[in-house]
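Please treat every number below as a calculation from the coordinates, not as lab data. Quick caveat: nothing in here was measured; it's all calculated off a predicted structure. FYI the Cβ positions are ideal-geometry reconstructions off the backbone, even for glycines, and counts take in every protein chain you see.
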Amino acid sequence: MIKFPRDGVEAAYRRLDDMIAQTAVEEGVDFNAHAGQMLEKLLIPAYEVMYGTYYDYLAASRPALVMCDFMADACVDAAHTLKLPFVVAMPTLMPGVTDAPYNLGWNDDPHRPATTERMPLWQKLREKVAGPLLAMRHLMGPLLKLEATRKRLGVEPMYSHPAKRWAASLKIVTTFAGFEVPRPLDPLVHLVGPVDTHENSMLTPELEAFLEGRRRVVYVALGQWVVLAPRDALEAVLESGLADGAIWATSPKNAPAFEGAALPRGVLLQRWVPQGAVLRHAATAAFVSHGGIESCHEAMRAGLPMVIMCVQGDQCTNAAKLSELGMAVGLTRGDVRSGALGPALTTILEDKNGSFRAAANRMRGLAAIAGRRSKDAAADLLEMALNYGWSHLMPPSSRMPWWAASNADVIAVCAAAAAAVLGTLAAAAVMLTWRARGGGKREGEAEFHAKKRE
């Protein structure tokens, strides 16, 4: 067996960490502009770093099956170039994967609905027409640079959404119906979530001692790259008596924001937190999160209401979906800076009519049912793919031209036949009308007078 080149991959990921550190979201930057910046500053350099590593390893080992993360374009392209079968894993239904006309893509507004169901026409035009056109203004340049990088590395250019290269691949999605917007699923797309990776996590002695005796604790975890530290809002909530403690999970990126700062009494800072154990604890009353998909899944499994301060990627869409489901309040960073976090936390903790807790408990039940076989289902799919492939799941449309798969040829023939029949009937009607108005008689009289003059 050929060993995975661990040193090379670790070096590549260290370089990726350095790149990520340089791509923090700037305040006031448009969502699509930031996506373009991320693509140019991070994803294209990351692609160059990782493609060679993936290609060399896969070329040497020739595995029977490759499993690539949905963000790992280099992995997908290396497998595609080497003609190796690959499966794509993703934590949520990506835009472009089994989409529906009423579904909306990712954005930076947690207050925007996740679908067009209740949108007026003008807003649908903005979302479905103006939005994509404005997005391309920021994304076209970086996308062309990515394609140029592919070409330089000997990779077949794509010039479209990454999902095009996945079209014939099995997609394993670690999410579940109830959280995702309902839509028809492609036979190659399988929901196997939520997968509980922290079901056996345990509290540290320090956390256990902190939670013991407290009745309502707010847990704050804003991911690896969010620097914002809204201490004032927490202090206001603690002083109001709605909560008697807060656990704040920091990271190397945002920890400096706390250095030398006086924290409110009752706030515990932790560089690492067994998140699942904290969320499941009876004293934890609310979760302030950046809205990453795994954090949302963990909150739903724990049945815990959330305040989501979203920043980028799928986070604001996750916030919008959970807000519509009734278990979260979504905020932008601008909302937080304008003082909205305190009122949002108050709304969640007061929960005057019990709606947030009821919605969270409902999602906990749905997540529990969906998650009973999640790991087994994923393992079964991989076993099937490894031993038998997935051609039996591919619909005939995947092997047919679009016009044949959509019956456009049948529709065209029927339309032509209908047009011919309608044309014939119209011509006959014109002729009959003309004759009914005496057209034939006048023609005969004109011919008679012409002969008489001769």
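For the reader, a short list of remarks on this structure follows.
- Stokes-Einstein translational diffusion, the range 61-136 - Kirkwood Rh over all Cα pairs, 0.692 mPa s, 37 °C, in µm²/s: 218
- Across the range 138-212, the volume of the C-alpha convex hull divided among the residues equals 242 Å³ per residue.
- Whole-Hz Karplus values for the range 295-309 come out as 5, 5, 4, 5, 5, 5, 5, 8, x, 10, x, 10, 10, 10, 9 Hz, taken residue by residue from phi with 6.51 cos²θ - 1.76 cosθ + 1.60 and θ = phi - 60°; glycine and proline positions read x.
- Placed amide H near Gly330: partners under 5 Å, 5+ positions off or other chain: Ile308
- Out-of-range pairs (alpha-carbon distance over 30 Å; input Lys151/Lys171; Lys41/Lys164; Lys124/Lys375; Lys151/Lys375): Lys124/Lys375; Lys151/Lys375
- For the range 63-196, the mean projected area of the C-alpha convex hull, equal to one quarter of the hull surface, is 9.8 nm².
- Reduced Cα scattering model of the range 307-402, Debye log10 I(q)/I(0), q = 0.15, 0.19, 0.24 Å⁻¹: -0.79, -0.94, -1.17
- Between Leu386 and Glu239, the FRET efficiency estimated from the beta carbon spacing at R0 = 56 angstrom works out to 0.45.
- Backbone phi angles across the range 391-406, fed through the Karplus curve with coefficients 6.51, -1.76 and 1.60 (θ = phi - 60°), yield HN-Hα couplings of 4, 5, 9, 7, x, x, 4, 6, 10, 10, x, 4, 6, 7, 5, 8 Hz in residue order; Gly and Pro are listed as x.
- Percent breakdown of C-alpha pair distances by 10 Å bin, ordered from the shortest bin, for the range 205-370: 11, 43, 39, 7, 0
- The range 144-217: chymotrypsin sites (Phe, Trp or Tyr not before Pro) falling in loop per DSSP and having at most 12 other Cβ within 10 Å: Tyr159
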